[in-house]
Amino acid sequence: MTSTEGRRDVLDDLAALGPFFAVETHPPGTGPTAPWRPLRELAAAAGPLRTRIEAVRAALAERADRPTEEIESRVAASVTHLGLVARLIAPSVAAAATGRGLGMCLGELWWQDRLGGPMPLSVPLPGAAAGDPPPVVNLLEAVIAPLTAAASNLVTVSPRVLWGNVASVANKAAAQVAARHPELSRPAWTAAAALLATPWLSRERQPPGPDFRRSSCCLIYRVAADRPRSVCSDCVLRQV
């Protein structure tokens, strides 16, 4: 198999897992053209993250048929953050499970500002740069931590909620890989466990697995009219 075929294989494998796993690519050290934008702007103090949070807030209000001012800013911030980290963690966990990691560096990632589905994401072409890709845990320090801090600084939302989003996404990504590819179950759960073993996720009381329950709530239930029935399957508020 040529290196080009190997790169195509990992991209095809990610796309087959669903839209939260699929990525576009660009040559390392360069960036794609508009409408692509550098992801690092979302971590900047004066970047577009606030505008995206407000757009998500309006979309949540429309979906719930409620005035925008009734949707708490912290709920919109958490939902925005959840969508961002899902797009970053899902393909990273899946690629790590195949042994063909992605190079995830904040300055090398590009996004498109769309709502209504998984955010388009472009990553450096796998295998095009010299050396091995960094371990999946590097993603937290290099990319997730700056985005999480930016969200927490913009809106009064607990970092515990936001890091709980990260833990939830890591677990769900591994679960989906394991369900679609049982032969990758062990490395998928190993990748998720490596993420949950980091200091950022040390408050999580349970290891990743089918019965994982996060130690916080993403707050999305606060948008719904029937709140007790609207918590997520891994939510700390869910009644057993």
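The values are calculated or read from the model by the stated rules, or taken from the named source; none is laboratory data. Only a predicted model underlies this, so the values are computations on that prediction, with no experimental measurement involved. For neighbour counting, all protein chains shown are included, and Cβ atoms are generated from backbone atoms with ideal geometry for every residue, glycine included. These area figures cover heavy atoms from the full protein model, side chains too; ligands, DNA and RNA do not enter into them. Shrake-Rupley method; radii C 1.70, N 1.55, O 1.52, S 1.80 Å.
Brief remarks on what is shown
- Scanning segment 44-56 for residues that are modelled with pLDDT of 95 or more, touching a Leu at 6+ places or on another chain (Cβ under 9 Å) and surrounded by fewer than 20 Cβ atoms within 10 Å (Cβ to Cβ), we see that the one that is farthest from residue 127 (Cα to Cα) is 55.
- Scan of segment 133-148 for residues that are in a helix (DSSP H, G or I) and open to solvent by 50 Å² or more (accessible area, probe 1.4 Å), ordered by number: 138, 141
- Just one of the listed residues (8, 40, 63) is modelled with pLDDT of 95 or more and either touching a Gly at 6+ places or on another chain (Cβ under 8 Å) or of a type in the set (D, E, K, R) (or both), and it is 40.
- With respect to (1) assigned to a helix (DSSP H, G or I); (2) surrounded by fewer than 23 Cβ atoms within 10 Å (Cβ to Cβ); (3) within 18 Å of the chain's Cα centre (by Cα); (4) touching a residue at least 24 places away in the same chain (Cβ under 8 Å), the lone exception for residue 15 is condition (4).
- Among residues of segment 209-224, those that are in a loop (DSSP other than H, G, I, E, B), of a type in the set (D, E, K, R) and either touching a Pro at 6+ places or on another chain (Cβ under 7 Å) or open to solvent by less than 70 Å² (accessible area, probe 1.4 Å) (or both), counted: 2
- Residue count for segment 67-106, restricted to those that are touching a residue at least 60 places away in the same chain (Cβ under 8 Å), part of a loop (DSSP other than H, G, I, E, B) and surrounded by fewer than 24 Cβ atoms within 10 Å (Cβ to Cβ): 5.
- Of the residues making up segment 157-176, those that are out of contact with any helix residue (DSSP H, G or I) (no Cβ under 6 Å at 6 or more places or on another chain) and either surrounded by fewer than 17 Cβ atoms within 10 Å (Cβ to Cβ) or basic (Lys, Arg) (or both) are 158, 160, 172.
- Residues (surrounded by 21 or more Cβ atoms within 10 Å (Cβ to Cβ) and within 14 Å of residue 233 (Cβ to Cβ)) located in segment 197-207: none
- Meets criteria (more than 24 Å from residue 180 (Cα to Cα), over 13 Å from the mean Cα position of the chain (by Cα) and outside any strand (DSSP E or B)) for residue 114: yes
- Some residue of segment 73-83 being within 18 Å of residue 122 (Cβ to Cβ) and either within 19 Å of the chain's Cα centre (by Cα) or of a type in the set (Asp, Glu) (or both): yes
- Reported count of residues in segment 174-193, each being in contact (Cβ under 8 Å) with a residue 60 or more places away in the chain, closer than 24 Å to residue 141 by Cβ and among the aliphatic types (A, V, I, L, M), is 5.
- Cross-chain or 6+ apart pairs with Cβ under 7 Å, segment 154-168 first and without any contact (Cβ under 8 Å) to a residue 24 or more places away in the chain, then hydroxyl-bearing (Ser, Thr, Tyr): 159/148; 159/152
- Residue list for segment 187-208, restricted to those being more than 17 Å from the chain's Cα centre (by Cα), polar (S, T, N, Q) and not in a helix (DSSP H, G or I): 202, 206
- Residue within segment 177-186 that is part of a loop (DSSP other than H, G, I, E, B), out of contact with any Lys or Arg (no Cβ under 7 Å at 6 or more places or on another chain), open to solvent by 10 Å² or more (accessible area, probe 1.4 Å) and not charged (D, E, K, R) present: yes
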